[in-house]
Amino acid sequence: AWKTFQVDHTREDALSNIHVLTICPDPKEPAKYLWIGTDGGGLNKLNISTGTFTHYSTSNGIPNNVIYAVQSDVHNNLWLSTNLGLCRFDPVSEEVWSFTIEDGLPGNEFNRMEYGKGSDGRLYFAGVEGVISFDPEDFYRTSSSSPIVINRLKLSNKEVRYSAGISGELKGDYHLSAPLELSQQLTFPYTERMITLGFSLLDFTNPDGNKYRYKLEGFNEEWIDAGDLNEAVFTNLSPGTYKFMVSGCNSNNIWSDPASLQLIIRPPWWATWWFRSILFMLVAAGVYGFYQYRLQQAMKIQHLRNRIAADLHDEIGSTLSSISLAGTVIQHKLKGKYQEVDGLLNKINNNTQTMMEAMSDIVWAVNTRNDRFDQILHRMRAFAVEILEPKDVMVHFEVNPHVIPLLLDMQQRKNLYLIFKEVIHNAAKYAQSNNVWVNLNYTYGKLLMEVRDDGVGFEVDPIHNAKLTRNTIETFSSSKGGNGIRNMFQRAVELKGKLEIQSSPGEGTKVSLAFGV
């Protein structure tokens, strides 16, 4: 029985074009499928049992929708002659390989009803420019890749050419000492900001169809698809070593092994390792020289401080001792014969003792052997015990171990000790206490000193803690006309610290000092 198939544009599975030019049974399942070439409708696949069609056209990779002939080979692939060359079509994978005049055909346009297959399996197709025949097996034999060479170099768009007899790899007049194809390494100055490398795939079957990809290791690690462009341009490369690699794909769709060329961009003289090494050594020498200078200056200052301390002790200290001794001897010889003289001698002796005590503090502060905090602590203990024990006052020291390694400069040490000394004097003279507690701590970059007693206490202005009342001044100051408290606060300012006095009647007194070390 006959069955007719018509074009039906309302159905996607109908015949695509009413003009049928060729029919070929499916090489694998001839009883199930037919392949139909149409005049403008592309290739149709007919399912005989269902009567439905599947369409293949230029959108599927077929070069043209006019299919003059369809023939099969022993590999179950189809060969199609069209108005735009010849193609091989795989019915299973639907992959298409196209061949045109650039691949060796005499022409791209074929004729209808002019094709055939020989007993040896050769296929024949006739076209406007002549007849071709070929053995399909030639296209299934294992193909090899084509070699690729790097054969062109441009610097700032100027061609670099090989000139025999010129030594050196790269010259300022843009010449090479060896052919680029044989070069393995090129060296450029950092001033070359635009480098162009050209390359060619040695497959001349269809040179315009060759494809390329490249990468520059050290700049980009991924392959860059260049299509049919056979050159690569690099601009503003940083000094360093790079490896240029390029690969090409021939007419058999096989990629070649990469060709490579090492590129070295020389750094400027100020960025070379030897210049940086010299610069580092000069800086290191400068730092070391400056350190030695500062160390010598510090040693000179320490030597001067020790010399001043020795001179004060030996000269002024001994003179004051002589004056005090002479005054005491004179006072003893007179034995109260002259009352007005006794008063003057007492004043001389007292002032001399005060000056000797102050001179001792100055000599101690200047001497560099006392820069360590353990020396400060030792003097503070000795002074507190000397002043408070005759008053039957127990002294309790609490020292945080973090305080011991601290180093105070001469000014800090002097102000800290004199504030402590003033507080202990006042505690011994006015507090009427049984115990004095001294706490030294170091935290968050600050030295904290706290001295408190369990004495009678006094009244402090509750609004302005640093502004003491008149009773407070009379109670808490030294014997020098009320200057003790004022001096304490002045020394705290010199230390860039904070001094607080907390007291109330019957509750004792606490003096706190905090300053940065």
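The values are calculated or read from the model by the stated rules, or taken from the named source; none is laboratory data. Predicted model, so just to flag it, every value in this text is computed and none were measured. All Cβ positions, even for glycine, are placed from backbone atoms using ideal geometry, and neighbour counts span all protein chains on display. For the accessible areas, the whole protein counts, side chains as well, though only heavy atoms, and no ligand, DNA or RNA atoms are used. Shrake-Rupley method; radii C 1.70, N 1.55, O 1.52, S 1.80 Å.
Here are some notes:
- Phi-derived couplings, Karplus 6.51 cos²θ - 1.76 cosθ + 1.60 at θ = phi - 60°, listed residue by residue for the stretch 198-208: x, 8, 9, 8, 7, 10, 9, 4, 8, x, 6 Hz, with x used for Gly and Pro.
- Karplus (6.51, -1.76, 1.60) ³J(HN,Hα), θ = phi - 60°, over the stretch 27-36, in Hz, Gly and Pro reported as x: x, 9, 10, x, 7, 10, 10, 10, 9, 10
- Rough spin-label spacing in nm, given labels placed 7 Å along Cα→Cβ, for TYR291 and SER143: 7.0
- Accessible-area ranking of TRP273, TRP2, TRP223, TRP437, largest first, probe 1.4 Å: TRP2, TRP273, TRP223, TRP437
- Legend: calculated FRET efficiency, GLU459 to MET410, from the Cβ-Cβ distance at R0 = 56 Å, rounded to 0.05, equals 0.95.
- Of the peptides 248-260, 400-412, the order by per-residue mean of other Cβ atoms within 10 Å, starting with the highest, comes out as 248-260, 400-412.
- Relative contact order of the stretch 196-244, pairs being alpha-carbon contacts under 8 Å that are 6 or more residues apart, as %: 42
- Each residue of the stretch 117-133 is assigned a 3J(HN,Hα), and the resulting list reads 10, x, 5, 8, x, 5, 9, 10, 9, 10, x, 4, 9, x, 10, 10, 9 Hz, derived from the Karplus form 6.51 cos²θ - 1.76 cosθ + 1.60 (θ = phi - 60°), x at Gly and Pro.
- Residues LYS45, LYS391, LYS421, LYS414, ordered by accessible area of protein heavy atoms at a 1.4 angstrom probe radius and largest first, appear as LYS391, LYS414, LYS45, LYS421.
- Nonlocal amide H pairs with THR22, under 5 Å, H built at 1.01 Å: GLY37
- Protection proxy ranking, peptides 176-186, 78-88, average beta carbon neighbours within 10 Å, highest first: 78-88, 176-186
- From the Kirkwood radius over Cα pairs of the stretch 394-460, Stokes-Einstein at 20 °C and 1.002 mPa s returns a whole-number translational diffusion coefficient of 163 µm²/s.
- Taking 7 Å steps out from each Cα toward its Cβ at ASN253 and THR235 produces label points 3.7 nm apart.
- Computed from label points 7 Å out along Cα-Cβ, the spacing between ASN47 and ARG381 is 10.6 nm.
- Under the shape rule built on the C-alpha gyration tensor, where the axes satisfy a ≥ b ≥ c, the stretch 177-236 is oblate, since a/c reaches at least 1.5 while a/b does not exceed b/c.
- Computed from the C-beta positions of LEU182 and LYS243 and an R0 of 25 Å, the FRET efficiency is 0.90 to the nearest 0.05.
- Candidate residues ARG486, ARG266, ARG413: accessible-area rank, largest first, probe 1.4 Å: ARG486, ARG266, ARG413
- With 10 Å bins beginning at zero, the pair-distance distribution over Cα atoms of the stretch 1-121 amounts to 13, 46, 33, 7, 1 %.
- Taken over the alpha carbons of the stretch 203-281 as equal point scatterers, the Debye sum produces base-10 log I(q)/I(0) values at 0.23 Å⁻¹ of -1.04.
- 25 Å tail of the calculated P(r), the stretch 87-242, as % of Cα pairs: 51
- Distance violations [Cα-Cα > 31 Å] among LYS347/LYS496; LYS3/LYS117; LYS211/LYS243; LYS347/LYS498; LYS429/LYS498: LYS347/LYS496; LYS347/LYS498
- P(r) tail for the stretch 9-77: Cα pairs beyond 18 Å make up 34% of the total.
- With all protein chains modelled, accessible area of THR196 [1.4 Å, Å²]: 10
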